[in-house]
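Since the structure comes first, as structure tokens, the remarks are kept for the end.
We did not get these values from a lab; they are worked out from the coordinates using the rules stated. Please read these numbers as outputs of a predicted model, since none were measured by experiment. A quick note on method: Cβ atoms are made from the backbone with ideal geometry, for glycine too, and the neighbour counts reach across all protein chains shown.
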Amino acid sequence: MGDSAEQLNMLKIPMKVRYEAAMVLSGVGDALGYKNGSWEFCKSGKAIQEELKSLGGLEKIKIKLPNWMISDDTVMHLATAEALIKHGTRKDISLLYTDLATKYKECMRDMKGRAPGLTCMSELHRLRPLVKDGLNIPFNARGGGCGACMRAMCIGLRYPKEEDVSQLIAVAIESGRMSHNHPTGYLGALAAALFTAYAIQGKPVLEWGCGLMDVLPKALQYVKDQGRDVKDNIEKWDYFKTSWEKYLALRNLTDGKSEPSFPADYGIEARDKFYKTLSFSGTAGSSGHDAPMIAYDALLCAGNDWEKLCKHAALHGGDSDSTGVNACCWFGALYGFQGVPECNYKKLEYKKRLIDCADKLYALSQNEAADGKQ
């Protein structure tokens with residue numbers, strides 16, 4: 001995305017189409033990486049891609065029921081989007097948090113066959129949306145998973161402008177710690193939302209990681225200002241930060257100005273091995289820090305090549321739906337449906353809901369812009 005011709009091409013795509021593609025293709029990345037559970041829980045990217053080849057390759061895959069259902073990731077992403085839409089432009093942010101908690105609890109009824117995460121299920125059960133302080137679950141020393149990250153991208157569609165960053169930080173963190181009250185968990189939600197906003201802004205992808213590092217001090221200040229579990233949060237804060245600093249240094253992206261550096265051998269087996277080194281517990285993409293990191297790595301490497309992006313982000317031997325749901329959302333926000341085979345998304349489960357959410361989030365972002373001019 002550092003290429004000016006590529007940026008000009010992106011600007012020709014109507015913004016509403018980019019919103020729709022962000023929501024729909026996030027579902028595609030999820031369904032593809034999940035494959036009704038068989039690919040999400042496969043430890044070999046090579047085996048996954050060999051099976052893909054036997055199915056005729058990505059351009060032949062018709063992602064639809066019953067073989068390609070969306071997972072918990074998209075069900076929860078829709079819950080986030082629908083809560084943002086219900087809240088609309090009301091000023092009282094606490095009402096949004098009540099809407100989010102209510103939608104998250106409701107969506108747990110739509111999890112048959114979708115492999116919801118244990119942390120999401122157990123922690124969301126604690127929420128009491130209509131009770132004072134009923135959204136404040138305890139700090140969880142084991143709450144660093146990717147369940148907050150994989151449902152937060154649309155927050156960046158609702159708050160896409162540079163001047164929205166304070167709202168984006170607050171909503172991403174609070175939505176995240178409704179189930180993942182641990183900085184490694186909820187900062188994954190912040191990264192997912194922030195990178196979506198960057199995509200909508202047209203910010204060059206090589207600058208995104210540096211941008212996240214610049215936003216983290218503001219996020220820490222927000223957590224301190226809220227006064228909840230401050231000591232625990234400070235003690236656990238550095239893992240997310242240092243993990244990203246190491247990754248950005250490795251890719252030559254610390255300053256956000258240089259082209260990313262990738263190894264000469266970066267085939268599927270090399271990627272599986274590398275992704276695993278990024279993980280907390282050995283399952284690549286299963287934590288709040290490495291799910292957006294792997295998705296970002298894939299987008300940096302693939303650019304506007306849809307098939308390459310999917311092979312890097314959604315077809316590896318890790319938590320492939322949670323990395324796919326992020327990377328494919330950002331791809332859509334940047335490039336729309338360009339280069340994506342129609343069969344990959346034409347009959348996607350919940351496609352109409354995803355498009356409806358995209359259109360309403362787009363309208364909200366436009367209304368806010370109009371309000372600001374009056």
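Below is a table of values for the structure above.
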| item | result |
| --- | --- |
| Other-chain or far-sequence residues with amide H under 5 Å of Gly145's (modelled H) | Gly288 |
| Leading residue at positive end of dipole, region 4-373 (Cβ point charges), from Ile234, Ile13, Cys301 | Ile13 |
| Peptides 319-329, 355-365, 66-76, 108-118 ordered by average Cβ neighbours within 10 Å, highest first | 319-329, 66-76, 355-365, 108-118 |
| For region 139-204, alpha-carbon Rg relative to the globular expectation (2.2 N^0.38 Å, N residues) | 1.05 |
| Relative contact order of the chain, defined on C-alpha pairs under 8 angstrom at six or more residues apart (%) | 31 |
| Label-point separation in nm, Lys91 to Arg353, each point 7 Å along Cα→Cβ | 3.4 |
| Nearest-20 debye value, region 26-145 charge dipole, Cβ charges on Lys, Arg, Asp, Glu | 120 |
| Cα lying deepest toward the dipole's positive end in region 4-373, options Gly188, Gly288, Leu354, charges on Cβ | Leu354 |
| Label-to-label distance, nm, for residues given as Lys132 and Arg109 (7 Å Cα→Cβ offset) | 2.9 |
| For region 269-360: lysine pairs under 30 Å (alpha-carbon distance), excluding those fewer than 8 apart on one chain | 16 |
| Kyte-Doolittle at least 1.0, axis length at least 20 Å by Cα - qualifying DSSP helices, the chain | 183-201 |
| (1) 5, 23, 33, 25, 10, 3, 1, 0; (2) 5, 22, 31, 24, 14, 4, 0; (3) 5, 28, 37, 24, 5, 0, with the label sought being that of the calculated P(r) over Cα pairs in 10 Å bins from 0, in percent | (3) |
| Two-site FRET efficiency, Gln338 against Lys43, from Cβ-Cβ distance with R₀ of 45 Å, rounded to 0.05 | 0.90 |
| Value of [θ]222 nm, deg cm²/dmol, for the chain, DSSP H segments ≥ 4, -39500 (n - 2.57) each, nearest 500 | -19000 deg cm²/dmol |
| Region 132-186 versus region 249-326: alpha-carbon centroid distance in Å | 22 |
| Calculated FRET value between Asp225 and Ala141, using beta carbons and R₀ = 25 Å, to 0.05 | 0.65 |
| All lysines inside 21 Å of Lys218 as judged from Cα atoms, apart from same-chain residues fewer than 8 positions distant | Lys161, Lys203, Lys231, Lys236, Lys241, Lys246 |
| Dipole moment magnitude, nearest 20 debye, the chain about Cα centre, only Lys, Arg, Asp, Glu C-beta charged | 840 |
| Principal axis dimensions, largest first and in whole angstrom, of region 91-221 by Cα | 39, 34, 27 |
| Segment Gln167-Asn67, extension gain: residue separation times 0.36 nm, minus the distance between their alpha carbons | 32.2 nm |
